[in-house]
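Structure, as structure tokens:
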Amino acid sequence: VIQQYHDLLGKPIFLPIMAFGLHQSRPGYNSVDYLKSIVENYNKNNFTLSGIWQDYNYMEKRTPFTVNSTEFSSEAIESINELKEKYKFKYIPVIEEGIKAMDY
């Protein structure tokens, strides 16, 4: 019966290990320092963070495919990479689906 089921629907897929872990996401991470404090607090309280999802706050005026270079400079982003190495979590910047209307 199981073989017939797999013949009909195909074999099940395996999800990545990070999909089973603890993820944190919410708007309001307005700076790398604040984001770092979130990660540090999770680890200080013995919660292993698998992924942190960065909402639109990293963008320049919520414009897709831009980065707020004041709060998310290349040096600041490098510090996120150092945290990723230290605590072994994934950093996922969310790309908003909206396109900003601009006056030209």
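Quick notes on this one:
- From the list Y87, Y91, Y42, Y56, the lone residue that is hydroxyl-bearing (S, T, Y) and at pLDDT below 90 is Y56.
- Top-ranked residue in the stretch 25-54 [being closer than 23 Å to E96 by Cβ and among the aromatic types (F, W, Y); ranked as least open to solvent (accessible area, probe 1.4 Å)]: Y29
- Test result for F89, touching a Leu at 6+ places or on another chain (Cβ under 6 Å) and open to solvent by less than 40 Å² (accessible area, probe 1.4 Å): yes
- Count - residues of the stretch 1-18 that are of a type in the set (V, I, T) and assigned to a loop (DSSP other than H, G, I, E, B): 2
- Taking the stretch 61-77 as the range and being touching a residue at least 24 places away in the same chain (Cβ under 8 Å) and open to solvent by 60 Å² or more (accessible area, probe 1.4 Å) as the test, the residues that pass are K61, R62, F65, E71.
- Only one of I95, I80 that is exposed (fewer than 12 other Cβ atoms within 10 Å of the Cβ), out of contact with any Cys (no Cβ under 7 Å at 6 or more places or on another chain), closer than 24 Å to M18 by Cα and hydrophobic (A, V, I, L, M, F, W, C): I95
- Number of residues in the stretch 51-60 that are touching a residue at least 24 places away in the same chain (Cβ under 8 Å) and not in a strand (DSSP E or B) equals 5.
- Selection status of N57, out of contact with any helix residue (DSSP H, G or I) (no Cβ under 7 Å at 6 or more places or on another chain) and open to solvent by 60 Å² or more (accessible area, probe 1.4 Å): no
- Checked against (1) over 20 Å from K88 (Cα atoms); (2) out of contact with any Phe, Trp or Tyr (no Cβ under 9 Å at 6 or more places or on another chain), F47 passes all but condition (1).
- Some residue of the stretch 61-78 being in contact with a Ser or Thr (Cβ under 8 Å, 6 or more places away or on another chain) and assigned to a helix (DSSP H, G or I): yes
- Residue match in the stretch 1-23 (condition: over 23 Å from L83 (Cβ atoms), loosely packed, with under 12 Cβ neighbours inside 10 Å and among the polar types (S, T, N, Q)): yes
- Checking each residue in the stretch 29-41 for being without any contact (Cβ under 8 Å) to a residue 24 or more places away in the chain and either part of a loop (DSSP other than H, G, I, E, B) or among the aromatic types (F, W, Y) (or both) picks out only Y34.
The values are calculated or read from the model by the stated rules, or taken from the named source; none is laboratory data. Remember, predicted model here, so these are calculated numbers, not experimental data. Note: ideal-geometry Cβ built from the backbone for every residue, glycine included; neighbour counts use all protein chains shown. SASA here: full protein model, heavy atoms, side chains in, ligands and nucleic acids out. Shrake-Rupley method; radii C 1.70, N 1.55, O 1.52, S 1.80 Å.
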